[in-house]
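Novice: Pasting in a structure now, in structure tokens, and then I'll have a few things to ask.
The values are calculated or read from the model by the stated rules, or taken from the named source; none is laboratory data. Worth saying up front: this structure is predicted, and the values here are computed from it rather than measured. Neighbour counts are summed over all protein chains in view; Cβ atoms, including those assigned to glycine, are modelled from backbone coordinates with ideal geometry.
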Amino acid sequence: MNGPINIYYDDEGDFLEITISNPPEESYCEDVNEEVFVRKTENSGEIIGIGILNFRENSKHMQEILSKIPIKINFESI
């Protein structure tokens, strides 16, 4: 998973989406639970994003949510 990190938050809908992709690829979503999904590339199945509904409530459980998603993000300066 390489590319820019795009973070989108809709305050009214309380929805957070984080996407990592360069360039954008054809993708599909797979549910982690009723309010969390991961976005995967159509060709390789690589995770390129995560979406969280009801983010304010779910943010209290982020450690548990992220433990169910096979993804690790490393930050480095360029």
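Novice: Name, by its number, the condition in (1) surrounded by 10 or more Cβ atoms within 10 Å (Cβ to Cβ); (2) free of Cβ contacts under 8 Å to residues at least 12 places away in the same chain that does not hold for N22.
Specialist: (2)
Novice: Counting only residues that are in a loop (DSSP other than H, G, I, E, B) and touching a strand residue (DSSP E or B) at 6+ places or on another chain (Cβ under 8 Å), which one in segment 14-33 is modelled with the highest pLDDT?
Specialist: So the residue we want is D14.
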